[in-house]
Amino acid sequence: MTRDKEDTGAIRAVRPRGLTREGFDALLACLDPDRDKAGERYEMIRRKLVRLFEWRGCDGSEDLADETINRVARRMEEGLELKSAEPYGYFCGVAHLVFKEVLRRSSREFRALESGEWPPPIYVPEESEEPADRGLECLRHCLARVPGEQRDLLLRYHQGDNNIGNRKALARELDIPLNALRIRVHRVRRKVEACVHDCLSRVPDSSR
Amino acid sequence: MRQNQMDDELLRSYLLGELPEPEADRLEQRLLAEDELFDLMEALEAELLAASSRGELAPAERERVLRRLASSPQGRERLALAKALNTVADVPSKQAPSPILPFRRRAAAPKAVFQWAALAAAGLLMVAGLSWFSRKTPQEGISGPLAVHERPAPASPVAPAPEESPASPTPGAQPPREPQRTPECLAGKDDAATKRPEPVKAVLALSLTTLRGAEDIEEFPLPPGADIAEIQIDLEGLEDSGSFHAAVRSKDKGTIWEKSGLKSRRLDWGTALVLDVPAGLLTPGEYEVAVTAGTETEAMIKEFKVVSVNG
């Protein structure tokens with residue numbers, strides 16, 4: 001789904017297509033009186049909704065997240081008031097409705113298909129499959145762009161066969177709980193992931 | 001710890017689609033509201049994908065992971081990243097990666113302890129990496145288990161306009177040296193004479209965490225042609241702190257540069273505070289950069305050493 005850029009100040013929150021300017025304004029106003037902070041919260045909620053739909057196994061998770069946001073915003077435009085500190089419950093409730101609609105639609109499609117092609121085949125990579133060269137190139141390029149200690153941390157976290165043991169040792173070394181280490185590493189990984197995604201979208205795939 | 005294990009189990013079950021619907025609903029509400037829990041969920045997802053690509057999961061579990069987490073294009077991309085990270089991390093390195101020390105503070109301040117401890121837990125890793133942003137300069141001094149060939153780029157590749165609220169070089173500081181430009185900076189543009197020439201930048205990415213065994217002060221090789229020393233400071237975990245005050249202090253001359261009202265900037269490796277310090281102020285010697293977030297009174301401090309580079 002195409003999204004229209006909407007300048008909320010320092011943060012460029014992106015208004016989903018199909019949502020009126022008024023609805024979008026009402027939504028942002030509900031999230032935070034400060035438009036910049038509202039923009040940040042909006043983008044965070046959207047990102048999380050996308051992931052929740054992915055974890056539920058939905059196709060088109062971005063569209064479903066936008067649909068959820070559109071419905072919430074429309075209700076706000078109609079005068080629904082939420083406690084701005086805790087709007088998540090409402091978003092979650094609407095997301096579940098959207099998800100159930102997806103399930104019903106899928107179920108109808110499944111019955112219509114009446115084939116053995118459902119659920120979709122699992123992607124099973126070959127055991128010997130190596131990461132594509134350009135993926136590795138992009139990863140190396142992106143690792144080089146994060147500060148060295150973050151890079152070391154990320155790579156040490158992924159090193160070796162005895163990962164659990166290694167990670168516990170690393171957490172002890174840092175004197176932090178394992179979950180804090182996981183989160184710390186993940187935040188570095190997220191930066192790298194965004195960079196790799198960007199890199200792959202720019203680098204032509206010579207294998208194609 | 002028991003709570004952590006419970007969360008781990010809960011999150012893992014959710015990821016594998018094994019959580020009963022009411023529990024999944026409750027968990028999703030928490031995931032929307034709690035950033036740390038959400039990050040932990042993504043971290044566990046990445047771990048499952050990495051374990052799957054290493055062949056560390058039982059066949060049935062691996063199939064479940066692939067079906068649940070790697071069937072979408074985005075999921076396949078994450079799986080590919082996990083696999084690539086495993087590959088790169090396992091490349092034998094000549095130099096073992098340095099152990100990492102927790103966030104180091106100059107002095108404890110009770111009022112600020114909570115925030116900084118939270119920041120440390122939130123992954124405030126600030127790292128020193130050095131970059132000379134001249135396209136022809138070879139890259140050296142790379143540490144870590146991976147031979148990487150690039151360094152952080154300047155926040156803005158084009159010459160920055162004069163700073164909106166000029167930083168104040170402290171009295172007694174040396175004036176900036178006369179700008180010198182590499183020929184490539186001036187060549188190839190028809191209107192070069194009518195445009196402001198681009199300043200040459202040297203980039204230093206800083207961290208306030210320290211690698212064990214690497215407690216020596218970071219060196220910043222500043223070439224004589226540099227106009228701007230761009231100091232990039234990782235702000236992960238500090239994005240909501242509003243504005244910042246930063247100061248660069250010389251061991252000999254005291255504060256040589258400072259500026260308030262600095263805002264974070266999004267660089268290609270993350271959110272950072274970018275300090276454009278006139279290179280002429282940074283004569284060879286020992287320095288520290290002090291960053292104070294928002295309304296805090298205590299600064300985070302990182303030392304570095306400027307060394308001259310011939311050529």
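No lab work stands behind these numbers, since they all come straight from the coordinates. Source: prediction; values computed, not measured. Positions of Cβ are backbone-derived with ideal geometry, glycine not excepted, and every protein chain shown enters the neighbour counts.
Tabulated data for the structure shown
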{"item": "Integer Hz, Karplus 6.51/-1.76/1.60 couplings in order for the stretch B:270-284, x for Gly and Pro", "result": "x, 8, 9, 9, 10, 10, 9, 9, x, 4, x, 6, 9, 6, x"}
{"item": "From phi via Karplus (6.51, -1.76, 1.60), per-residue ³J(HN,Hα) for the stretch A:169-186 in Hz, x at Gly/Pro", "result": "5, 5, 5, 5, 4, 7, 6, 9, x, 4, 5, 5, 5, 4, 5, 4, 5, 4"}
{"item": "Sorted by Cβ neighbour density within 10 Å, fewest at the top, the residues A:Arg151, A:Arg134, A:Arg35", "result": "A:Arg134, A:Arg35, A:Arg151"}
{"item": "Exceeding the 24 Å Cα-Cα cut-off - candidates B:Lys83/B:Lys201; B:Lys253/B:Lys302; A:Lys191/B:Lys263", "result": "B:Lys83/B:Lys201"}
{"item": "Placed amide H near B:Ser243: partners under 5 Å, 5+ positions off or other chain", "result": "B:Gly294"}
{"item": "For the stretch B:239-251, Karplus couplings with θ = phi - 60° (6.51, -1.76, 1.60), whole Hz, Gly/Pro x", "result": "4, 8, 7, x, 9, 10, 10, 10, 9, 10, 10, 9, 4"}
{"item": "Label-point separation, B:Lys305 to A:Lys100 (7 Å along Cα→Cβ), nm", "result": "6.7"}
{"item": "Theoretical FRET efficiency, 1/(1+(r/R0)^6), r = Cβ-Cβ of B:Glu36 and B:Arg265, R0 22 Å, to 0.05", "result": "0.35"}
